[in-house]
Amino acid sequence: MGTAILLVLAFVFGVALVVSLFMGGSKLPGMLLRRKLDARLMEVTQPVEATPDAGKVLVKVRHEGLVPGLDRALGETARGSAIGRWIEQSGVKTSISSMLLIATVVAVPVALLVGAATRAPWGLPLGAAIGFSLPFIVLKVKRGRRLRAFEEQFPEGLDLISRALKAGHAFATGLKMVADELPEPVGPEFRKTFDEQNFGLPLKDALENLTYRIPILDVRFFATAVLIQRETGGNLSEILENLAHVVRERFKILRQVRVYTAHGRLTGYVLLALPAVLGIALSFINPEHMNMLFRERIGQMLLMTALVMQTIGFFWIKQVVKIEV
């Protein structure tokens, strides 16, 4: 009983530590950036004689985290640039070094908890691997949610641009309308595209940057349609209306598919939760019988085998019911 209470307290302490470090890692870069911005505003508001280098180049500033040297070094590698792209696409205000620091801090308590629970030599490295991967799993989930939100709001942005073109406005004005009217994530992403194009970047490069930040097929269709219309001519407002209609119809079909596959997804969730629920129930009914699984080596091997097979079965069922539209 004392061991169980100690494990629960260690788990609560680990969760509190992880949450506090995550909040600190996510808020600290923003605070430093605001402080730097305030200092810069104080400089430009004070009377100065001249700034000879101002306005020569258009520089895209990349915010650095707690360890700027590590950010620059990892940003030049393929894996580091991929993590940086995930961070940008997820909308999280952090950096590569902050993510690695958070992952390292999370790995320590998780490794201790798994090692104490299994009491096996492979418990510590397994727990460390699980804890290190947790922040990146959270980052991937946030990225997926943000991209799905963008995809759902994207037809409204296309309709706004189409109506602006019909009213006689320029394409850049339509981009500004989307940036001003629509919320996160569509508004800020179109704001970046409008600012890049407004500050002198060619429209082709600005749209390519949009497709790089938002790797969605519909955004590529949008960029390709605009660029082709610029070269060959045509009714761009009608093209954007048709694209918005296609996106909405695809979402309609996707929701129908989710209804049809609800039984298979529910079956997967039930099959995944059944062994865990049964194990908890048996722990209350016959604790000695269940404790053998954790004490004996053959029981630990059975638990690991069951965990691996459950994971494989879950992803297998998920792929079976996943239908691309």
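Structure summary
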| quantity | calculated |
| --- | --- |
| Matching entry among 312, 239, 298 (being more than 30 Å from residue 121 (Cβ to Cβ) and not acidic (Asp, Glu)) | 239 |
| All positions within the range 162-193 that are basic (Lys, Arg) and without any contact (Cβ under 8 Å) to a residue 60 or more places away in the chain | 176, 191, 192 |
| Residue satisfying condition, being within 23 Å of residue 146 (Cβ to Cβ), acidic (Asp, Glu) and in a loop (DSSP other than H, G, I, E, B), within set 184, 208, 196, 189 | 184 |
| Verdict on residue 251 being at pLDDT 90 or above and among the aromatic types (Phe, Trp, Tyr) | no |
| Helices (runs of 4 or more DSSP H) contained entirely in the range 45-141, each with at least 2 residues that are modelled with pLDDT of 80 or more and either among the acidic types (Asp, Glu) or buried (at least 16 other Cβ atoms within 10 Å of the Cβ) (or both) | 78-90, 96-118 |
| Where a residue in the range 302-316 is more than 21 Å from residue 266 (Cβ to Cβ) and its partner, wherever it lies, is among the hydrophobic types (A, V, I, L, M, F, W, C), with Cβ under 6 Å and at least six apart | 303/293 |
| The range 227-242 - residue that is of a type outside the set (S, T, N, Q) and surrounded by 18 or more Cβ atoms within 10 Å (Cβ to Cβ) and, of those, farthest from the chain's Cα centre (by Cα) | 236 |
| Given (1) exposed (fewer than 12 other Cβ atoms within 10 Å of the Cβ); (2) in the same structural domain as residue 202 (by TED's automatic domain parsing), index of the condition residue 305 fails | (2) |
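The values are calculated or read from the model by the stated rules, or taken from the named source; none is laboratory data. Remember, it's a predicted structure, so these values are computed and weren't measured experimentally. Note: ideal-geometry Cβ built from the backbone for every residue, glycine included; neighbour counts use all protein chains shown.
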